[in-house]
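Structure first, commentary second.
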Amino acid sequence: MTDTGERKAAMDAPEAPRSEVGLDARLVVDRGTFRLDVALTAAPGEVVALLGPNGAGKTTALRALAGLVPLSGGHLRLDGAELDRTPPESRPVGVVFQDYLLFPHLTALDNVAFGPRCRGARKAEARARAAAWLDRMGLAGHADAKPRRLSGGQAQRVALARALATGPRLLLLDEPLAALDARTRLEVRAQLRRHLAEFEAVAVLVTHDPLDAMVLADRLVVIEDGAVVQEGGPADIARRPRTDYIAQLVGLNLYRGRAEGHTVRLGTGPAITTTEDLAGPVFVAFPPSAVTLYGARPAGSSARNLWRCEVAGLESHGDQIRVDLTGELALAADLTTVAAAELGLHPGAPVWAAVKATQTHAYPA
Amino acid sequence: MTESAAPKPAPTGADPGTGGPRRSRRRGRTVPLPLLVPALLGLAFLLLPLLALVIRAPWSGLSEQLSSPEVWQALRLSLLCATSATVLSLLVGVPLAWLLARTDFPGRGFVRALVTLPLVLPPVVGGVALLLAFGRDGVIGQWLDAWFGITLPFTTTGVVLAETFVAMPFLVISVEGTLRAADPRYEEAATTLGASRFTAFRRVTLPLIAPGIAAGAVLAWARALGEFGATITFAGNFPGRTQTMPLAVYLALQNDPAAAIALSLVLLAVSIAVLAGLRDRWMSAS
């Protein structure tokens, strides 16, 4: 297609303006008490994950991109074309819905052929294209199956084929793996990653699962309460979380404070000694596994970070025990079952928590 | 003793003295008499008249009764008009149901109430209202007569209109319920694939709600077949033109009761056939 050729040429030319290809959007949706205001850009070939807790506005953002929810403000440009006022059926957008929404009365083949048919292809041509897509997804043998006869993983691939069969310039995936059980999920996640890597236009996926986001996406955009709180590469976000939600997702204790050299003072409360030399507002993060617990104040401990705490709760976490602590500093600590038993931990038990400065990580807020 | 020894508590032991042990084990619980007696009375009340119809039927002269051309004329007219009324109801009723279920406009609740009004309105009143609207001097009828020379009352078309008026609400309510139960996100999915709202309705929603439409159509058809009050008021009782089976039955009852019974038997047979056709849908419903 000439369209693809032009895009390739534009990509090859280094001086091509970025806004001419890919997605450039600011999505504003007002819904009474809830307001979504999210800026989103993505280059062709890029996979962006919208990550956030339930009710953060991820799905609303996705629906706004698809045109299923009208924008109250902002703009939406795809490959340089304004889409704000384009009705959903005219947008070059493909959607994989959370529970796939495969049409139950149509076979897998006719589900995939539905899009090309609606966009003007003749019946035979649409079915041939659909068959090619199913073949590519490894589903050639299931073309005549009705959706209810497909497994979760197969249905997911049919849904993906259906969304891709219209040749979208923007692919939207709403919680693409949420409907699958743990084992299928692992396999489908790997397949989806491969298909997304092959997809040459912009892909935006919504998820509340950090693992899905980190495996599938090149870039994460974290949304809380309708606004972007952090964006960046998966590794960067995992190392330097900026909100409690993200810290919890990636399993870190996170504090915000003011640094004076190696000391970070948290409000009026305790201070944390770090190895970084910083000044001004900073975040300090350390993993729960870096915390050592003592039944009594340790004599001559080298740890500068020592706080008097109380056990608020215990939870088994794989072969470890996750201990929630309150007191001078609220934190989570991981220790082995043996260590927890030796300390005689129970809710309400007083403990001392220590963290080495080398285990902490401070970065500007 | 048994309570502590039995691995599972037996559901039957709790209420000794009522019902046989075998039956109560199968049903789980016995039926209390204050419910059982009225229930059986109600059942008997529903079945006895039908039974009487069968008992008193002039079986020996039945073939003679039914072979008269008037009977077949009335039956053919009944089937024709009921089917036409059902088709008419489908053509306008399904879109109306969609409008009520899938769009939001001011006064929607009021419109919905108006649609259901013919369900509770005495059919005779419906017939009078139809006369006032489509009669020769009616609000619309006078223009139809003056401009197109169309007269509706006391014609076969009038029968179809009267039956549609009474039967369509059944279809609309049934289809609207099915539409509300159907997931509207299928239409959204179709839209993102490039389907206009109408295409989404035609190719996705309509097939999904087809069972509900079929059930509504059968309900409407059965209601139209039995329609009496509105028909006789608006269309009159002319053999071959507007005399449907119910009208023929009523008329026959005045001078030839045996014929009335024979005609009733035919209608009963048609009803049973309809019910048998729907047994998967309704009779197996839990």
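The values are calculated or read from the model by the stated rules, or taken from the named source; none is laboratory data. What you see is a predicted model; the values in this text were computed from it and never measured. Reconstructed Cβ throughout: ideal geometry from the backbone, glycine too, with neighbour counts over all protein chains shown. All accessible areas refer to the heavy atoms of the entire protein, side chains included, with ligands and DNA or RNA removed. Shrake-Rupley method; radii C 1.70, N 1.55, O 1.52, S 1.80 Å.
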Test: residue in the stretch B:199-208 that is within 14 Å of chain A (Cβ to nearest Cβ), open to solvent by 10 Å² or more (accessible area, probe 1.4 Å) and charged (D, E, K, R): yes
Residues (modelled with pLDDT of 90 or more and either open to solvent by 30 Å² or more (accessible area, probe 1.4 Å) or more than 18 Å from residue A:173 (Cα to Cα) (or both)) located in the stretch A:199-232: A:200, A:218, A:219, A:224, A:225, A:226, A:227, A:228, A:229, A:230, A:231, A:232
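Can you tell me which of A:37, A:3 is of a type in the set (Asp, Glu) and either at pLDDT 95 or above or farther than 25 Å from residue B:194 by Cα (or both)?
Working: A:3 fails: either at pLDDT 95 or above or farther than 25 Å from residue B:194 by Cα (or both).
Answer to the check: A:37.
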Condition broken by residue B:196, with the remaining ones in (1) crowded, with 18+ Cβ neighbours inside 10 Å; (2) more than 29 Å from the chain's Cα centre (by Cα) satisfied: (1)
Qualifying residue in the stretch B:130-138 (condition: more than 25 Å from residue B:197 (Cα to Cα), open to solvent by less than 50 Å² (accessible area, probe 1.4 Å), free of Cβ contacts under 8 Å to residues at least 12 places away in the same chain and assigned to a helix (DSSP H, G or I)): yes
Subset tally (residues that are in contact (Cβ under 8 Å) with a residue 24 or more places away in the chain and open to solvent by 60 Å² or more (accessible area, probe 1.4 Å)) for the stretch A:105-131: 2
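Okay, residues lined up against (1) under 17 Å from residue B:200 (Cα atoms); (2) more than 20 Å from the chain's Cα centre (by Cα):
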| residue | (1), (2) |
| --- | --- |
| A:22 | no, no |
| A:25 | no, no |
| A:45 | no, no |
| A:50 | no, no |
| A:57 | no, no |
| A:66 | yes, no |
| A:79 | no, yes |
| A:114 | yes, yes |
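Go through A:234, A:210 for me and flag whichever is under 18 Å from residue A:55 (Cα atoms) and within 15 Å of the chain's Cα centre (by Cα). Working first, answer last.
Working: A:234 fails: under 18 Å from residue A:55 (Cα atoms).
After ruling out the rest, the residue left standing is A:210.
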Test for residue A:180: is it of a type outside the set (S, T, N, Q) and not in a strand (DSSP E or B): yes
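Checking the conditions here, which among B:211, B:184, B:207 is without any contact (Cβ under 8 Å) to a residue 12 or more places away in the chain and not polar (S, T, N, Q)?
B:207
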Condition check for residue B:211: away from chain A (no Cβ under 14 Å) and at pLDDT below 95: no
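It is to be established whether one or more residues within the stretch B:87-101 are without any contact (Cβ under 8 Å) to a residue 60 or more places away in the chain, part of a helix (DSSP H, G or I), hydrophobic (A, V, I, L, M, F, W, C) and open to solvent by 90 Å² or more (accessible area, probe 1.4 Å). Steps first, please.
Step one: of the stretch B:87-101, the residues without any contact (Cβ under 8 Å) to a residue 60 or more places away in the chain are B:87, B:91, B:95, B:99.
Those left that are additionally part of a helix (DSSP H, G or I): B:87, B:91, B:95, B:99.
This time we only want the ones that are hydrophobic (A, V, I, L, M, F, W, C), so: B:87, B:91, B:99.
Okay, now just the ones that are also open to solvent by 90 Å² or more (accessible area, probe 1.4 Å), so B:91.
Yes: one or more hits.
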Cross-chain or 6+ apart pairs with Cβ under 7 Å, the stretch A:79-104 first and more than 9 Å from chain B (Cβ to nearest Cβ) and part of a loop (DSSP other than H, G, I, E, B), then crowded, with 17+ Cβ neighbours inside 10 Å and among the charged types (D, E, K, R): A:79/A:169; A:83/A:77; A:83/A:91; A:92/A:169; A:98/A:174; A:98/A:175
Qualifying residue in the stretch A:137-154 (condition: touching a Leu at 6+ places or on another chain (Cβ under 8 Å), free of Cβ contacts under 8 Å to residues at least 24 places away in the same chain and among the aliphatic types (A, V, I, L, M)): yes
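Mind checking which residues of the stretch B:149-185 are more than 29 Å from the chain's Cα centre (by Cα) and either within 10 Å of another protein chain (Cβ to nearest Cβ) or buried (at least 24 other Cβ atoms within 10 Å of the Cβ) (or both)? Please lay out each step first, then the result.
Going through the stretch B:149-185, the residues more than 29 Å from the chain's Cα centre (by Cα) turn out to be B:149-150, B:185.
Hit for the stretch B:149-185 is B:185, nothing else.
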Qualifying positions in the stretch A:132-162 - more than 14 Å from chain B (Cβ to nearest Cβ), surrounded by fewer than 17 Cβ atoms within 10 Å (Cβ to Cβ) and not in a loop (DSSP other than H, G, I, E, B): A:132, A:135, A:136, A:140, A:141, A:149, A:152
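For the structure I just gave you, tell me whether residue A:38 is within 14 Å of chain B (Cβ to nearest Cβ), more than 26 Å from residue A:134 (Cα to Cα) and among the hydrophobic types (A, V, I, L, M, F, W, C). Before the answer, list the steps.
Details: within 14 Å of chain B (Cβ to nearest Cβ): no; more than 26 Å from residue A:134 (Cα to Cα): yes; among the hydrophobic types (A, V, I, L, M, F, W, C): yes.
Spelling it out, it is not the case that residue A:38 is within 14 Å of chain B (Cβ to nearest Cβ), more than 26 Å from residue A:134 (Cα to Cα) and among the hydrophobic types (A, V, I, L, M, F, W, C).
Let's see how each residue does on (1) outside any helix (DSSP H, G or I); (2) modelled with pLDDT under 90; (3) farther than 30 Å from residue B:250 by Cα:
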{"residue": "B:25", "(1), (2), (3)": "no, yes, yes"}
{"residue": "B:36", "(1), (2), (3)": "no, no, yes"}
{"residue": "B:48", "(1), (2), (3)": "no, no, no"}
{"residue": "B:65", "(1), (2), (3)": "no, yes, no"}
{"residue": "B:71", "(1), (2), (3)": "no, yes, no"}
Residue count for the stretch A:68-77, restricted to those that are within 22 Å of the chain's Cα centre (by Cα) and within 14 Å of chain B (Cβ to nearest Cβ): 2
Where residue A:280 falls short, out of the listed (1) more than 21 Å from residue A:239 (Cα to Cα); (2) not in a helix (DSSP H, G or I): (1)
